[in-house]
Amino acid sequence: MDTGSRRIDDLDGGLDLRATLESGQSYLWRRDDGRTYEQGASGDGWYHTVLPASTTRTNEAEVLRVRQVDGRLEWEASTPYAPDRIAELLRLDDDLEAIVSNTPDDDLVDAAYEAHRGLRLVRDPPFACLVSFICSAQMHVSRIFDMQVALAEAYGETVRFDGREYAAYPTPERLAEATERELRSLSLGYRAPYVRRTAEMVATGEARPEEAQDLDYEAAREWLTRFVGVGEKVADCVLLFSLGYLEAVPLDTWIRRAIAEHYPHCDRDSYEATSRAIREQFGGEFAGYAQTYVFHHLRTGG
DNA sequence: TATCCAAGGTAAGTT
DNA sequence: AACTTACCTTGGATA
């Protein structure tokens, strides 16, 4: 077991681990006690995620545990590469100070940045991000988490770490073997055939989400919609929360509500046009950061 | 207790 | 290309 820690103060713009992992941008980390943001703080503050073997340098499934305490980010992991992996997954190298100060002045965005200082975007593994956001359609945040746990427990590799068993996120190959009926039994509803078919596309090599990285932002968004169950909104989520397109602004119900109430001039007749307008409103290059702060702020009653 | 409704939308069928 | 409609499931709100 590899353990260690680093000072939060050494990170430009700090870190709010809870806001980062429970703001609805990633569904791949869980509190040890399995509870979610809406249920309030509890437990000892540890979060864990399990990366499938096919995505790790060691070629073995990796368990990462992290918590924030006394101004430090602590970790326990089954891999010696934990520091690099955590920095990658939590975007610890982003200069949050610079990003915040480079965003245009705006009452709502300023309030969101102020209320949740330290919230960082994540860099989720592409396939897991893709599947989790296919699951997110018309679904409550807490249940999206539950779906990912159900998928991992049903189809993921079991990993033993520090006396406890963890389930890795399923591989495309294993998920492609699932039947629609099986997936529906996990309460995926109409998303079941989408997940199965998309997993099959990745497993057979027909298309992999990483391939979008070769394209400019709007072309990448369009390209991702080839996956079944992926429209413009989910494509934006994958671009922002996995592939590093920080200008992406997923137009979900909360952001559309914000546009109606705060930025009516950005409300256009198509996703593409509204997207362009709100991205400009949010300062372009890092518009996705503003989106995620505003989303979290509104969802938590801001 | 029964019914309604929204939840980080998308696909398929029509105009 | 823009517009409609159906779609699984569940927890919380409303009657």
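Descriptive notes on the structure:
- Per-region count, segment A:184-218, residues without any contact (Cβ under 8 Å) to a residue 24 or more places away in the chain and open to solvent by less than 40 Å² (accessible area, probe 1.4 Å): 3
- Filter result for A:Val294 (of a type in the set (A, V, I, L, M, F, W, C) and either more than 20 Å from the chain's Cα centre (by Cα) or not assigned by TED's automatic domain parsing to the domain that holds A:Asp110 (or both)): no
- Selection status of A:Thr253, open to solvent by 20 Å² or more (accessible area, probe 1.4 Å), within 8 Å of DNA strand B (Cβ to nearest atom) and not acidic (Asp, Glu): yes
- Of all residues in segment A:219-232, exactly one satisfies the criterion of being farther than 14 Å from A:Phe127 by Cβ, open to solvent by less than 30 Å² (accessible area, probe 1.4 Å) and aliphatic (A, V, I, L, M), namely A:Ala220.
- In segment A:115-124 there is no residue that is farther than 20 Å from A:Leu15 by Cβ and in contact with a Leu (Cβ under 9 Å, 6 or more places away or on another chain).
- Scan of segment A:61-106 for residues that are touching a residue at least 60 places away in the same chain (Cβ under 8 Å) and open to solvent by 40 Å² or more (accessible area, probe 1.4 Å), ordered by number: A:Gln68, A:Gly71, A:Arg72, A:Glu74, A:Ser78, A:Pro80, A:Pro83, A:Asp95, A:Glu97, A:Asn102, A:Pro104
- Looking at A:Ala273, A:Ala248, A:Ala235, just one residue is assigned to a helix (DSSP H, G or I), crowded, with 17+ Cβ neighbours inside 10 Å, of a type in the set (Gly, Ala, Ser) and modelled with pLDDT of 95 or more, and that residue is A:Ala235.
- Index of the failed condition, A:Pro172 passing every other in (1) on the phi > 0 side of the Ramachandran plot; (2) touching a residue at least 40 places away in the same chain (Cβ under 8 Å); (3) more than 12 Å from DNA strand C (Cβ to nearest atom): (1)
- Among residues of segment A:84-142, those that are within 16 Å of DNA strand C (Cβ to nearest atom) and assigned to a loop (DSSP other than H, G, I, E, B), counted: 5
The values are calculated or read from the model by the stated rules, or taken from the named source; none is laboratory data. This one's a predicted model, so the numbers in the text were calculated from it and none came from an experiment. Note: ideal-geometry Cβ built from the backbone for every residue, glycine included; neighbour counts use all protein chains shown. All accessible areas refer to the heavy atoms of the entire protein, side chains included, with ligands and DNA or RNA removed. Shrake-Rupley method; radii C 1.70, N 1.55, O 1.52, S 1.80 Å.
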